[in-house]
Structure formats: structure tokens, C-alpha cells
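Student: Shown below is the structure under consideration.
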Amino acid sequence: MFHSIISKLIKNLQSFLKDLEDLKDKASSLESSVGIGSSSTGIGSSSTGIGSSSTGIGSSSTGIGSSSTGIGSSSTGIGSSSTGIGSSSTGIGSSSTGIGSSSTGIGSSSTGIGSSSTGIGSSSTGIGSSSTGIGSSSTGIGSSSVGIGSSIPNLDSNSWPTFKYLDNEIVGNLTKTRTMALDDEGIIHSLGYKSDMHIETDTSTDSIKRNSVGYKGFIGNVEASDGYTYFLPAYQTSIGKLGRKTGSINLEKKFTSCPQIRSGAEGNDGIIYMPSYTKTLKIFSYNTNTGKVASITPQKPSRYTFCNHIWGAAVDKKGEIYMPQVLGTSVAKIDRFGVFSYLDGPPATSGVSGWTHKYVGAIYVESVDKVFCLPRQGKKILIINCVDDTYEEVDLPADYLAVANKNKNFHGYLAPDGWVYSVFWADTKCFRINPETYEIQWKDYEYEFMDGHPTAKEGSGIMSLGTGYSTAALVKDDNVYLGLAGTSRAIKLAF
């Protein structure tokens, strides 16, 4: 039946095309504002001419093939956007389920036969409608989300990123950095943890180098809306600032003693909130507009915890910041007005107790409006729902826990493929969670770490697992760069 209807439609269109060719000859002397294919009034133009977007033949409002009432229009005609053959909702070639949609059907806006971009009737690269049909924009061949030629992450994929060592080495039996900040030229700047360092990762050449002048005492950074990325002071009394436009680093002394900050996030009005990694929790703030710092000592949680350290903060689309405890069992929040509170809910234990580090880092996933907190030494993943401030914990797979190192992860990241990944810490194994379904998978990259050597230790240059394989992650395009920790070789994962 489809073939019969399509054949008739093609014959009708061929007739229209012949008429259009005749009309083109008559209109050939018109100027560029009203001529053939013009953007205002000519044949195939975007406003009033023949084939235009408003009133002409094939136009978007009333002509043949127009967007409202004509043949091929967007509302009721053949090929219309609502109910006709090729319509945008239910007809063959519609924008939701049929063959040859409203963005991509025969006679559409770009270069293929009816295509809006490159394929036959496609919205991206394949044969295509705009939603669920063959070549649709969500699941079909050439779709704009998960099909061949897709432009949105494919959460159904079973593929894993490719592991690569960057060029050059920086040796030393120490955790070299816990920060990563990208400038506008594609250079990642990493400042030292407990040793003077300024490591530059060139993402255009996939190489690293250590600058002669370095800085130390920083853990974590915040990419702010004012054009700067801020390095957070742990064992340092100054805040580091990277001008993303210039690539320059400056330090601003703001504290009389080391504030022991490990994480932070920018809330509303350009204020960066930074929880402390201390028994008595403090919330420091830095106003990017004025350069002023302040601090508060919030109330303790109603559920008693001896230690209230926090190492992780993520901001949602409303400007509210969520923070999991490292040693405690509560989840903290700073609302869009800057008010601190603890969420109501059960103890967030990550399946461990005592001095075991539970959660380090927090990752906001806007598509589901949730924050994912991955464990450092725990056995569960904490998921916070930003809509209603509820939270839950999901178990890591038993087969993974049976073989994984206790120190599994540092921070984590939302990858280009739409999954949330762990960052290698004292292990060559990596786990990931699908933020929509909560499916968890894992993979051992030991062979890749070995890189032709007998062991991963020799391949990576790590001297002690306590210094970590990596400590942070930065996503750039379809690649993830990992912060150089105890290894001498830096890592990139290509998606």
C-alpha cells in the first residue's frame, strides 16, 4: 500500500516540478530578492513566491505544498504536517512515524531528495523522518539521536571508549594533580596537588608537558560563567584563576589558613559555593562579581555523624547545588537562594560503614534532572532526583565488586555517549551507569594500561597504587582526558 501511495505522490510531484520549470523561465529576470529560490518572494523562496514558505506553490502557508492548506502543506493537504499523506503526525512520510517526514520528505528544505540535510529525506544523514519511522530522528537509520549518523548519545550501545596514552611523560612517585581546566585554545591546565606543578595537555596534539613554573595545593576546579575557571584551595591560601580566553594563570590570596576545600559549584548570581573536607563542615563562598569570600558553619544533620566531610558538588539547571557526604550518611543542598539544608531521606551508606570513603564527586545529568554520585570505596551509586529532592542508592554489580580494588574511582564524568563513567583510581577497571535505566556495566582496561609491557604498572609508569592511575576527567568533544596522578603517562579515552 505504501509503495502505491508513494508512487502516486511522486507522479504528482513530477507534474508539479514540470510546472515549476515553466514558471522558472518566466521568473528568470527577477532580482535576487524576488527571484527563483530567493529568500523573500521568488520561486522556492522563503516567504511569498512559488514554492516559498508563505503563499506560493509549495509555500509554507497556502500554496501547493504549502505549510497550511495546499497539497503537501503542513496542516491538511497531501504531504501536510498534520493529517495528509506525508504529514507531520500520522501520514506516510510524516514527521513522527512515516517514511519521508516533514523535515525530510520529498520536496523538503535542503540537498537530498526531499532532504533537510544530506540523505534521502533525512534530518541528518539517512533515509528519514523526524521521529520514529525508518530513518527517524530518534531511532531510525540516519536518525538524529541514536541511529546511523546519529547526533545524540546512543545509550543502547555496547561499545566502550578507546584507550590511548598521550605523548611525553612526567615521572615521579606522587599524585601530580587533581585539577583540570580547559582554555579557549584547547589547552588543559592542571595545577599541582602537593608538589609544584603546572601541566599542560595539548588536545590538538594529544601531548603533555610540565611548565618550569608550577603551583601546588589545589583540588578540584569550577568553570564559572565569568570567563574564568577557578582552582580550589585545599593546601593553599589562594584561589587559582585561569582566564579561558588568554590561557593565563593568576593566584588571589583569600584565606589566612588552608580551607581544606575539595569541590565546589557555581550557584546563582555568580557565587561559587565550596564545602570543606573537615569534621566540622564549613561552606565557603566566592563572589565572582566582587572577588569577596565568606563562610558559614551550617547546622549538623539530625542523623548524628561524627564527621561531616564533603568532597563533591554539582549544580542543577535551577542553580541548586547537591553535595554527598564522604564519611557521613546525609545529603546536603544549597538552594538557589543560597540556603543550606540536609535532605530528608534514609542514611546514604554506599553499603559500607565507619571510616570507609563513600562518595567522592557529583555529576549532574540534565536530561534526567538527576545528580549521580559515584563511590570511591563504597559499593553503591547515589542518585539524587533534583525534581523532588529524593534520593536512592543502587548496587554495583556483584561480579565487579568481586574483582575490583577497594579504591575504585575518583569523581567520574558524564561521557559523550550519555553514560556516567568512573575514573580509574587504584584500579584498571572502569564502571558506568545508564542515567535513564540505571543499567551498570564494567570493563577492565588492564591490557590497554600494559601497552605491550608485562604489567600495567610498567606500561603506565605508576610506582604505587596509592598515588592513583588518574584523579580527574575533562570532556572535550568526543574525547575524555584524564588527570595525571601517580603514572608518568597521561590517558585519553576516545568515544
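The values are calculated or read from the model by the stated rules, or taken from the named source; none is laboratory data. Keep in mind that this is a model prediction, so the values were computed, not measured. Backbone-built Cβ (ideal geometry, glycine too); neighbour counts: all protein chains shown. Side chains are part of the model used for accessible areas, which takes the heavy atoms of the whole protein and leaves out ligands, DNA and RNA. Shrake-Rupley method; radii C 1.70, N 1.55, O 1.52, S 1.80 Å.
Student: Using Cα centres only, tell me the gap between segment 279-298 and segment 315-390 in whole Å.
Tutor: 20 Å
Student: How long is the gain from Val394 to Glu169 if the chain were fully straight, where each residue apart is worth 0.36 nm and the alpha carbon distance is subtracted? Walk me through the intermediate numbers first.
Tutor: Working: separation 225, 0.36 × 225 = 81.00 nm, distance 3.81 nm.
That pair, Val394 and Glu169, stretches by 77.2 nm at full extension.
Student: Over segment 168-256, with every protein chain in place, what whole percent of the accessible area is carbon and sulfur at 1.4 Å, could you tell me?
Tutor: Values: 1620 of 3800 Å².
Carbon-and-sulfur percentage of accessible area, whole number: 43.
Student: Could I ask something else about it? Going by average Cβ density within 10 Å per residue, which order do the peptides 182-195, 314-327 take, highest to lowest?
Tutor: 314-327, 182-195
Student: Computing the accessible area with a 1.4 Å probe over protein heavy atoms, can you report the carbon and sulfur percentage for segment 304-378?
Tutor: 54 percent
Student: What whole-number value in Å² describes the accessible area per residue of segment 332-431 for a 1.4 Å probe?
Tutor: 35 Å²
Student: Just grab the label-to-label distance for Ser195 and Asn250, each label 7 Å out from Cα along the Cβ direction, in nm (one decimal).
Tutor: 3.0 nm
Student: Now for a different question. Longer than 23 Å from Cα to Cα, which of Lys164/Lys457; Lys282/Lys408; Lys176/Lys408; Lys176/Lys443; Lys194/Lys443; Lys164/Lys209 are they? Say none if no pair is.
Tutor: Violating the 23 Å limit, Cα to Cα: Lys282/Lys408; Lys176/Lys443; Lys194/Lys443.
Student: Let me ask something else. Quick check for you: with a 1.4 Å probe and neighbouring chains kept, what is the accessible area per residue of segment 257-304, in Å²?
Tutor: For segment 257-304, the per-residue accessible area is 48 Å².
Student: Here's another thing I want to ask about it. Working out 0.36 nm times the residue gap between Arg336 and Val213, then minus their Cα-Cα distance, what length gain in nm do you get to one decimal?
Tutor: 40.4 nm
Student: If I model a spin label as a point 7 Å beyond the Cα along the Cα-Cβ vector, how far apart are those points for Asp444 and Ser302 in nm?
Tutor: Each label point is offset 7 Å from its Cα along the Cβ direction, giving 4.6 nm.
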